[in-house]
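Asks: The structure follows.
Read-outs throughout are calculated quantities, based only on the coordinates presented, and are distinct from any laboratory measurement. Bear in mind that the values here come from a model prediction, so they are computed numbers and not experimental data. Note that each Cβ is placed from the backbone with ideal geometry, even for glycine, and that neighbours are counted across all protein chains shown.
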2 protein chains.
Amino acid sequence: MDDRSAEALNRLRRVGGRVTPQRRIVIEALIDAHPHPSAEDVAERIAEVAPEIHLSTVYRTLNTLTELDVITHVHLDHGRSVYHFVDDSGPHLVCRNCGAVAHVPADTFGAVSDEVASATGFTLGHGHFAWSATCPDCTSA
Amino acid sequence: MDDRSAEALNRLRRVGGRVTPQRRIVIEALIDAHPHPSAEDVAERIAEVAPEIHLSTVYRTLNTLTELDVITHVHLDHGRSVYHFVDDSGPHLVCRNCGAVAHVPADTFGAVSDEVASATGFTLGHGHFAWSATCPDCTSA
DNA sequence: ATATGTGCAAACGATTTGCAACCCT
DNA sequence: AGGGTTGCAAATCGTTTGCACATAT
């Protein structure tokens, strides 16, 4: 079992939550999916394996895992959001147009983060944050 | 009449659009509102002056102005978005929680933008872009 | 004259919620 | 046993759309 799965289940138990088959499957789907799946991506993946699991259960689990700081999500242009594990290497760039994702170099982020904080008081959070941008593909299109 | 209003109306005419009273009022509301109103903020403002103007007209006008590059919008945490004129002094920080806005110092932005482009190929667009962060108020809460 | 815009109501897509049945611990 | 969890259906929220009527050019 993946470390992230074990970790997630532990956190669930720690707060008095139950480890249900549905939750295991949602977590597995999150791990097996590409690195930044939307709720629907996760749901589709699950549908192939366990079609009885209701969409609302997927959402509820995603929310629970978010509260436990196991995952976070980033909002894309039209209501959709993409989820990822919190330990996934810091800040992201998200293409405003197609949702493609890249990582901001850590040192760039650190420097900017400091400058922004001292200039404005705003905090650029760690996992909880993304820069909207245009990816190379959409730039040329 | 505000420059921005004149400019917006000109662009409308230039593409064969019509300058209707509704559109004038939406543009005025955008100018008179605080710098980053949501569609609903704009609509509320309008309701006080011209309650006949339908919400869908507000949305349609906002979309039209977006296509004409007069305004852009930034998505907040829960589906809502905030609008602003494109010429509004570059990049923004938007509080992921409450929607409060601050400006990223221009020199910080320039440097980051270059680094990000060379490292990832992603383009941090000018008016079309925002960083989600947490404002001082929401950080302490 | 005629293309464009408007009001209205109904449709949308993503996400959430109330509730009764269910099943981890 | 007992409370957290699920499935389902209905509700919500912001935004969009089809259509008949109105209007700017």
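Asks: Can you name the residue in the stretch A:34-68 that is more than 11 Å from DNA strand D (Cβ to nearest atom) and β-branched (Val, Ile, Thr) and, of all such residues, is nearest to the other protein chains (Cβ to nearest Cβ)?
Replies: That would be A:Thr66.
Asks: May I pose another question? As an exercise: evaluate B:Val82 against (1) within 16 Å of DNA strand C (Cβ to nearest atom); (2) not in a helix (DSSP H, G or I) and give the number of the one condition it does not meet.
Replies: The single condition B:Val82 does not satisfy is (1).
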